[in-house]
Structures are given as structure tokens and as C-alpha cells.
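Quick notes on the structure that follows.
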Amino acid sequence: MTTAGAVETVFRMESARIIAGVTRIVRDVGIAEELAQDALVAALEQWPVSGIPDRPGAWLMATARHRAVDLVRRRETYARKLAEVGRTLEDAPPPAEPADPDDIDDDLLRLVFTACHPVLSTDARIALTLRLVGGLTTQEIARAFLASEPTVAQRVVRAKRTLAKAGVPFEVPYGADRDQRLASVLEVIYLVFNEGYAATAGDDLLRPALCEDALRLARQLAALMPDEPEAHGLAALLEFQASRTATRTGPDGEPVLLADQNRSRWNRLLIRRGVEALGRAGTGPYSLQAAIAGCHAAAVRYEDTDWTAIATLYGRLVRLLPSPVVELNRAVAVSMAEGPAAALPLVDALAGEAALRSYHLLPSVRGDLLERLGRGAEARAEFEKAASLTRNARERELLLGRAAALPEVSP
């Protein structure tokens with residue numbers, strides 16, 4: 001890997017922590033993001049000459065903090081704040097805040113709650129937090145929203161301007177204010193994990209750092225709000241999903257389908273944590289998804305999976321959270337419980353959904369059903385279409401491989 005590539009990789013992994021740490025100083029997420037980008041530029045200029053530091057993340061953090069303090073120093077109106085943050089000039093941790101059992105002892109989680117301020121629309125909160133905390137690109141956020149890239153870009157820019165204009169502080173929300181932001185925070189953590197679990201673009205299927213950050217945030221949120229069932233539901237869901245991470249790719253990084261995964265390598269500790277969290281969950285969307293993931297975790301073999309129960313849970317989920325993506329997942333479960341012929345009409349009914357027009361999993365699922373029905377040539381066309389829609393190189397290889405194994409024309 002080139003030095004420039006190493007810089008970009010480290011920045012992608014550390015950008016959220018850098019932005020969170022700098023926001024504590026400048027109290028403006030837009031400016032914090034700019035200062036983090038300045039640190040990236042400095043690394044691109046200096047590391048090829050001086051070499052990559054032993055602690056590259058700490059180097060980026062220290063550089064961004066120094067620039068933040070310089071900015072504060074230049075603004076006379078920030079003189080008092082400068083005294084508070086002066087000890088961060090060297091690569092030292094931020095000063096501890098007064099202990100409070102109801103506080104959020106993590107800058108990343110604090111940043112999530114700040115970006116999810118009610119002054120922003122729900123879509124703007126989620127888009128901004130995915131950008132700042134998840135380090136996701138506009139393209140990746142657009143995929144998560146099933147929206148266009150220009151629309152998402154405008155949401156992010158406007159959100160930063162709105163927060164700055166409203167003077168939203170970088171602080172811990174309490175009581176009703178925290179409850180008001182909870183739905184957005186849950187969704188952000190969920191989407192960050194999903195991007196790490198199945199990367200939108202690039203050469204790798206997984207981005208483990210995103211999964212780890214999202215799982216840690218979900219655990220902290222559940223501990224912070226022990227009486228909130230959906231916080232436990234989300235934590236359970238991510239524990240179950242994370243338990244399979246090591247088996248989702250092969251030795252060369254190629255995707256391994258659920259049916260082919262070595263279940264003996266699933267992380268039993270994470271599964272136990274998922275079961276415990278599920279016991280404190282409720283009946284909301286994340287809790288239902290956790291219950292579905294729990295069904296997979298409980299099956300010793302793929303053949304033992306209770307697909308009838310999973311299809312039923314998806315039926316409850318789609319009534320609670322109507323979505324073409326949930327409908328597509330329900331169709332997959334129905335195909336396993338009742339056969340591909342029962343599921344194909346459900347998938348065909350989604351063909352006209354605008355939100356799924358460029359969603360590669362729609363033709364991928366349809367191709368799988370057609371293959372199981374013995375309609376190989378039609379299945380091949382669907383897999384090729386799915387391959388043309390995905391931006392992830394590993395998924396494309398898998399889909400093209402499945403297409404190549406099928407006939408070009410019907411016998």
C-alpha cells in the first residue's frame with residue numbers, strides 16, 4: 001500500500017473520533033470536520049517524507065486539535081474556552097467532565113446525539129451523523145437512504161449550516177430531550193453497522209471498524225437507557241450480526257453465503273450477549289429484527305433454520321415498518337418456508353418500486369428464485385443485472401460467478 005493509501009485508510013478509520021474530539025474544542029461540527037480534513041492534508045504532505053508515525057491515529061488527532069486550539073486562540077471571543085482546552089495542546093485526552101451517572105462518557109456517542117438535534121429534520125440528522133460518525137461518503141449514505149446522491153449532499157450541507165446558525169452546543173442531552181432524539185440515534189447506529197457489514201462500494205465486502213464502532217455505541221446506548229426496549233433490541237441485533245462476521249468472507253475476501261458459512265466459527269460469546277439483550281428487548285422494529293437474527297443464531301445447521309418463524313416475524317415487521325426492502329426480505333423467508341414459487345409473485349410485485357430501481361438485491365433475489373425453479377437462462381440475466389448495479393467488487397464477482405454457471409438460453 002502506498003503512503004497516500006495508508007493515510008486515507010487511517011483517516012477513514014479515525015475520522016469520527018477526530019471530529020468528535022475537535023468538536024469538543026470548537027463546538028461546531030462543520031468546523032470540526034474541516035479541521036479533520038486539514039489534518040488529513042497535512043498527513044498527505046508530511047508522511048511521504050517523514051514516514052508513517054507509530055501511532056498514526058494519534059498523530060491525526062493531535063494535528064487537528066492543535067489547529068482547533070489555534071483557531072480558538074485567534075478568536076478573542078473564545079478566550080475563556082481556550083483556557084479550558086489549553087491542556088489539549090499536547091496529545092493529551094480532553095479534560096474529564098463532572099461525573100454523572102446519567103452522562104454519556106464517550107465523545108462519539110455525544111457527537112451522535114448532538115448531530116441528532118431536533119432543530120434538524122429526521123433525514124438531515126441521520127445523513128449528517130452517518131457522514132460525521134460513520135465516515136460514509138455521499139454515495140454510501142444515498143444507498144442507505146435509497147435516495148439520490150445530490151439530495152443527500154444537500155441534506156448534509158444544510159444540516160451543518162443549521163446547527164451552526166442555531167448555535168447547538170456539543171453537550172449531553174437529558175430527559176425528554178434525549179428521548180426525542182432516540183429514534184434518530186438508533187437508526188444512525190443501525191445504518192453505520194450495516195455499511196460496515198456489507199460495504200456499498202470498494203474492494204472489500206466488510207469494513208470491520210464501522211461494525212465495531214456501531215456495536216460499541218449500541219452497547220453504551222443500552223447501558224445509558226436501560227428501560228428503553230428498542231435500545232436493547234438494537235444491541236441484540238448487532239450482537240447477533242457481529243457474531244457471524246468472521247465467516248462472511250473466505251480466505252481471499254470473497255463473500256460466503258449464509259448457507260455455506262461454518263457455524264462452528266460463529267462467535268458464541270456475542271450470540272450469548274445477543275440472547276441476553278433480546279430478553280430485555282420489546283416488540284419494536286429493532287427488536288423484531290433481533291428476533292429474526294436470533295432464529296439464525298439458534299440453528300446449529302442451515303437446514304435447521306426455522307424459516308416459518310422468520311417469515312412470520314418479517315410479516316409483523318412489515319406491518320410495523322412498511323418498506324420495500326423489508327418486503328423483499330420477507331419474500332426470501334417465504335421462499336425458504338414455502339418454496340420459490342410462493343415467493344416469486346411477492347418479488348415481482350416489487351419491480352415497480354422506485355426506491356428499488358437501482359437496488360441490486362432485487363434482481364439478485366429474483367435470480368435465486370428463478371434458479372431454484374429451474375429457469376436458468378432467466379436467472380442468469382437477473383444475476384448479470386444485479387452485478388451491473390452493485391458498486392462492491394466482491395459482490396459483483398459473486399454475482400457474475402453465479403451467472404456464468406447458468407445457461408445463456410433456455411434448453
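The values are calculated or read from the model by the stated rules, or taken from the named source; none is laboratory data. These numbers were taken from a predicted model, which means no experiment stands behind them. Cβ placement follows ideal geometry from the backbone for every residue including glycine, while neighbour counts extend to all protein chains displayed. Note: areas computed on protein heavy atoms with side chains; ligands, DNA, RNA excluded. Shrake-Rupley method; radii C 1.70, N 1.55, O 1.52, S 1.80 Å.
Structure notes:
- Grouping the Cα pair distances of the stretch 263-324 into 10 Å bins from zero gives a pair-distance distribution of 21, 48, 28, 3 percent in increasing distance order.
- Helix 324-338 and the long axis of the chain differ in direction by around 40°, with both axes built from C-alpha atoms.
- Cβ-Cβ FRET estimate between A6 and L373, R0 fixed at 51 Å, reported to 0.05: 0.60
- 0 to 90° range, to nearest 10: angle between helix 361-372 axis and the chain longest Cα axis: 20
- Evaluated with a Cβ-only charge set (Lys, Arg +1; Asp, Glu -1), the chain carries a dipole of roughly 420 debye about its Cα centre, given to the nearest 20.
- Note on the stretch 9-63: with neighbouring protein chains present and a 1.4 Å probe, carbon and sulfur make up 53 percent of its accessible heavy-atom surface.
- Virtual paramagnetic centre 7 Å along Cα→Cβ of V275, amide N under 13 Å, in the stretch 298-319: 298-300
- Within the accessible area of the stretch 276-359 (1.4 Å probe), percent carbon and sulfur: 53
- Mean Cβ count within 10 Å, highest first, over the residues of peptides 369-379, 31-41, 286-296: 286-296, 31-41, 369-379
- In the stretch 184-302, the convex hull through the Cα atoms has an average projected area of 7.1 nm², a quarter of its surface area.
- Dipole magnitude of the stretch 269-411 about its Cα centre (Cβ charges: Lys, Arg +1; Asp, Glu -1), debye to nearest 20: 440
- In units of the compact-protein estimate 2.2 N^0.38 Å, the stretch 309-348 shows a Cα radius of gyration of 1.03.
- Using just its DSSP H runs of length 4 or more, each adding -39500 (n - 2.57), the chain gives a mean residue ellipticity at 222 nm of -21500 deg cm²/dmol after division by all residues.
- Extension gain for D54-A355 works out to 103.8 nm (0.36 nm per residue, less the C-alpha to C-alpha distance).
- At q = 0.11 Å⁻¹, base-10 log of I(q)/I(0) for the stretch 261-411 (Debye sum, equal scatterers on each alpha carbon): -0.50
- Heavy-atom surface of the chain, accessible at 1.4 Å and reported per residue (Å²): 47
- Sorted peptide list for 341-348, 163-170, criterion being average Cβ within 10 angstrom, highest first: 341-348, 163-170
- The chain, Cα convex hull volume normalised per residue, Å³: 156
- Between 0 and 90°, nearest 10: helix 149-166 axis offset from the chain longest Cα axis: 30
- Nearest-10 value in Å² for the accessible area of H117, using the 1.4 Å probe: 40
- For the stretch 148-200, the normalised intensity computed at q = 0.27 Å⁻¹ comes to -1.09 (log10 of I(q)/I(0), Debye sum over alpha carbons, equal scatterers, no solvent).
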